[in-house]
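All remarks here apply to the structure that follows.
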Amino acid sequence: MTWAGGESLTRPLMGAHASYTTLAGTRVGGNPHLTVTGAKLGEMSVATSRGRATVPAWLFTLDGYASPLKRAAAIPSKLPKPPIGPARDVPGYPLDRLVRIAAGGRSVTVVALHGACDDGAVVGVLETTGSVVLSASVKERNDDGNCTKQAELQQVTVELERPLGDRVLLDAHTGQPVRYKGLRGISSSGS
């Protein structure tokens, strides 16, 4: 794994079969959704809590698709002890995932939770020289009397005062780095 500034980290690699198995966990009628015709080790770019990085990836050739399906091959390291503690007095929910970091690093898009009876998610930001702390909460609650307790996922793009660079992206509610997980079933609509 190599970041834009040249800093790197060595991690063990997951085999092609194990990587594909984590990707294709669901089956239709006992058969996988995709037919893999080949796999080779290559690279891909991913958003991390420390900025964009190039990582080893399995490039799966799929029947009926011109472009390969890329799946990161590096096994993630154990999360470090967070530099901040979880916020106990901040309303809202932990962030679900990091979706993307803008090319210039001036904004990040995360998936936040909100309830079915509010006006959506909002994410506040506190920037320091070493970290960017995000705090998800909800907009005004619509209390019309009949409300179910169900969470909805929403993409929220947060503008930063300066590029993320190598600063760590943290969730105020957990104190942990915000994990990159991509979209995986989340619609691209949202603020």
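Each value in this text was obtained by applying a stated rule to the coordinates, not by laboratory testing. These numbers were taken from a predicted model, which means no experiment stands behind them. Cβ coordinates were reconstructed from backbone atoms using ideal geometry, including for glycine residues, and neighbour counts include every protein chain displayed.
Using r as the Cβ-Cβ distance of Glu127 and Leu41, and R0 as 41 Å, what FRET efficiency do you calculate, to the nearest 0.05?
It comes out at approximately 0.65.
Which aspartates and glutamates, on any chain, are close to Lys70 with Cα under 17 Å apart, when same-chain ones fewer than 8 places away are left out?
By straight Cα distance, Lys70 reaches Glu43.
Roughly speaking, what is the stretch gain from Ile75 to Ser8, that is 0.36 nm per residue apart minus the C-alpha to C-alpha distance, in nm to one decimal?
22.7 nm
Would you please put 121-133, 168-180, 63-75 in order of how densely packed they are, using the mean number of other Cβ atoms within 10 angstrom per residue and starting with the highest?
By packing density, highest mean first, the sequence is 168-180, 121-133, 63-75.
Distance in nm between label sites at Ala102 and Leu153, each 7 Å beyond Cα in the beta-carbon direction?
2.4
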